[in-house]
Amino acid sequence: MVDLLERMTRGQLIAELRKLRAERSRDSELERLVHDLRVHEEQVQLQQDQLTETQQLLEASRDRYADLYDYAPLPYVTLDRNGVIEDINLTGADLLGRARALLAGRPLRLYVDEADRRTFLDHMRRCRGTVSPVTTELKIKTEKGAVLVQLHSRRAAGSGKDAVGYRTAIVDLTARLEAEETRLRAREERERLLKEEERLLVASEAKDQFLATLSHELRTPLAPVLVAVSALEGRGDVPATLRPTLAMIRRNVDLETRLIDDMLDLTRVTRGELSMKPEILDVHEVLQEVVELCGNGRPAGVRVTAGLAAPAHHVRADPARLLQVFWNLLRNAFQSTPTDGEVTLRSSNDDAGRVRVVVEDTGGGIEAGDLERIFRPFYQGRAAGDRSGHLGLGLAIAKSVIEAHGGRITAASEGKGSGARFTVELPTVAVEEARPPAPEAGSLASSGVSILLIEDHPDTALAVSEALRLEGYDVSVAGSVAAALELAREPCDVVISDLRLPDGNGLDLLRQLRSARPVKAIALSGFGSEKDVRACKEAGFDEHLTKPVALETLTRTIESLMAHAEAATKRLVTPRRG
């Protein structure tokens, strides 16, 4: 090669160099082209990998869609523009009761109830006329019979060229219909219950009105008897041989009055309106009073033993209600205890600061099953031999009264023939809190006090007026509103008025009387419910007394009103010091 170059001329050498340079340039271009080809090859491979991955994702998505479509809990069907089934999922096939392969290519209208096929054709017509979803309700024939469904169709690309299909969901409305029927039945039941409640309310009001009227009619004849007996007991010229008879009459009037109270108290208990006026009481004194009250009802030969040993025996309670409780318990014990039996009263204290009173008898006992029900109203489950003939209200009322005072009452018995034991427990209070003795009746002079008595029951008017006159009061009597207004032209100190009068009522009468001049007023009525008392107070009555009322109670109320009036007058006329 060297010899060849040496033999070349200068021009030949230059030409050879140029040739070599050209070849080298072509080699560089080839290298660049090869490099570009390799880069392009790598890009193509990357795109191929991406396409493969995308295809796999699409296939996975298609599989998921197919699974969702096939196993969706809602029936789905794809219809062509004529309503022919192109595809249907497994739930839809189960609904129609056919295999999927047998359903493809068949018109859906074949499975629509004959009465709704025109509705289905109208559904398809509306699908072709709009791109918005179309909804229609119709019945589909299934293996279980015709089922009401709702078709929800929306436009989708069909399988053929330029073809249009409709994805259609088939919603079974059976559950909705059942829910609507359930709501309808619930609404009907609610309306029935409201009507029943209204009927019961009317019946309850009628019952309350009946009891109030019955109470009034029963109390009214007792009023003159109790007033007359009270007046006779207060007279010094009554022979001593008659006083036991008067006491007997008084006890029986009290007994009848308490039976009437029991009927009214039951209504108050059920309504939660049992009123209480608590004060400090000596339980032992209450028990002794109850024994005296029940003395006339004690059967011959029945012994009463008292062991009142409780050191702490003062409680805060309503005196009338507590008396009512022990009176019921002792009366029940007497009525269930046979001749030569025994009734025992015991008292003691426990560690919880309560006084425990036990009323125990040797009577017929209480069956074990009755112990759970004996405090229910109208329940009469005591053993045979019980001579009570009672209404079955006393124990129910006693339980409510004791519980209202923060105590409890229980019953115990070993069974038939073994007697019964009732235990009352009440929280005690300190003896220092005990109330001072009430002032004696008659502490104020009755002479010169004028009373207008308004009473349409002749016997009551006569008994009350004569008894008050014997006490020194100046009494005028009216039997009607008109007569009362006539007599009221002359001033009086106290008005005592019945509420039910032949030509009006005592409430309106008092309003008229007070519009003319101030006057103290006492309502004396056979109506004694909380509603009646409240109405009297609102009308202006200072006090409300329920018939029958003892004379000493009536005179004590009059004296209390006059004392308040006298004190008010002194405050007005006494000059202020300054």
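For the reader, a short list of remarks on this structure follows.
- Bridging of K520 to aspartates and glutamates at a Cα separation below 13 Å is possible for D493, D542, E543, E559, E566, once same-chain residues fewer than 8 apart are set aside.
- Cut-off 9 Å between beta-carbons: net charge of the residues surrounding T557, Lys and Arg +1, Asp and Glu -1: -2
- Cross-link reach list, lysines versus K207, counting only Cα pairs under 22 Å and skipping chain neighbours closer than eight places: K195, K531, K547
- Rounded to 10°, Cα long-axis angle of helix 394-404 versus longest principal axis of the chain: 70
- Long-range HN-HN contacts of N349 with modeled amide H, under 5 Å: R356
- Cβ-Cβ distance of L487 and L214, R₀ of 30 Å, FRET efficiency by 1/(1 + (r/R0)^6): the value works out to about 0.45.
- Nearest 10 degrees, 0 to 90: helix 10-71 Cα axis against the chain principal axis: 30
- Helix 319-336 vs. the chain, principal-axis angle (Cα, 0 to 90°, nearest 10): 80
- Antiparallel content of DSSP bridges confined to the chain, in %, to 5: 70
- Exposed loop positions in the chain were taken to be GluC sites (Glu not before Pro) whose DSSP state is not H, G, I, E or B and which have at most 13 other beta-carbon atoms within 10 angstrom. Between these positions, the longest stretch is 1-142.
- FRET E, pair R21, Q56, Förster distance 41 Å, beta-carbon r, rounded to 0.05: 0.20
- What the phi angles of the stretch 473-480 give under the Karplus curve with 6.51, -1.76 and 1.60, with θ = phi - 60°, is a coupling list of 8, 8, 10, 10, 10, 10, x, 7 Hz, glycine and proline written as x.
- The stretch 45-67 and the stretch 189-235 have their alpha-carbon centroids 89 Å apart.
Bear in mind that the values in this text are calculations on the coordinates, not laboratory data. Here the structure is a predicted model, which is why all the values come from computation and not from measurement. All Cβ positions, even for glycine, are placed from backbone atoms using ideal geometry, and neighbour counts span all protein chains on display.
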